[in-house]
């Protein structure tokens, strides 16, 4: 379980995240977003939400302080694979973690080839998600 110190940092496995670490959650399903929001806010992360891939790209163009993206793959307007490709052209250094409930064998490679840095299947397990995020920001 994560401990919070007086400076507002979250500690987990001797790694720390300073308060103000901003994650863009690209997720069109309200219930999925609320679940992720509950997990990540409890861990001390600041969140923004994009309802589709195009909004995610627009956020990246406008907000230089986004530290990581959780990218749903199946979304309206622009899917997560297309959005990832566009974002990586703009900011190749930003970690993107793909999320999807509809994975089939070989999808992980498609997501990674599009520029995603990692992949987590839905339903998302809280500890696994936090550990994965921390591994990309350590």
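Here the range 47-75 is the region considered, the condition is being at pLDDT below 95, surrounded by fewer than 18 Cβ atoms within 10 Å (Cβ to Cβ) and touching a strand residue (DSSP E or B) at 6+ places or on another chain (Cβ under 8 Å), and the residue that is nearest to residue 99 (Cα to Cα) is 74. Total residues in the range 91-132 satisfying the condition of being in a helix (DSSP H, G or I), without any contact (Cβ under 8 Å) to a residue 60 or more places away in the chain and closer than 26 Å to residue 65 by Cβ: the figure is 5. Would the range 44-66 turn up any residue that is touching a residue at least 60 places away in the same chain (Cβ under 8 Å), closer than 28 Å to residue 20 by Cβ and within 14 Å of the chain's Cα centre (by Cα)? Yes, the conditions are met somewhere in the range 44-66. Counting just the residues of the range 19-43 that are part of a loop (DSSP other than H, G, I, E, B) and in contact with a strand residue (DSSP E or B) (Cβ under 7 Å, 6 or more places away or on another chain), which one comes out surrounded by the most Cβ atoms within 10 Å (Cβ to Cβ)? If we take residues in the range 19-43 being part of a loop (DSSP other than H, G, I, E, B) and in contact with a strand residue (DSSP E or B) (Cβ under 7 Å, 6 or more places away or on another chain), then 27 is surrounded by the most Cβ atoms within 10 Å (Cβ to Cβ). Scanning the range 76-90 for residues that are part of a loop (DSSP other than H, G, I, E, B) and closer than 10 Å to residue 57 by Cα turns up just one, 78. Candidates in the range 86-99 are the residues that are crowded, with 16+ Cβ neighbours inside 10 Å and touching a helix residue (DSSP H, G or I) at 6+ places or on another chain (Cβ under 7 Å); of these, the one that is farthest from residue 136 (Cα to Cα) is 86.
The values are calculated or read from the model by the stated rules, or taken from the named source; none is laboratory data. All of these numbers come straight from a predicted model, not from anything done at the bench. Every residue, glycine as well, gets a Cβ built from its backbone with ideal geometry; the counts of neighbours run over all protein chains shown.
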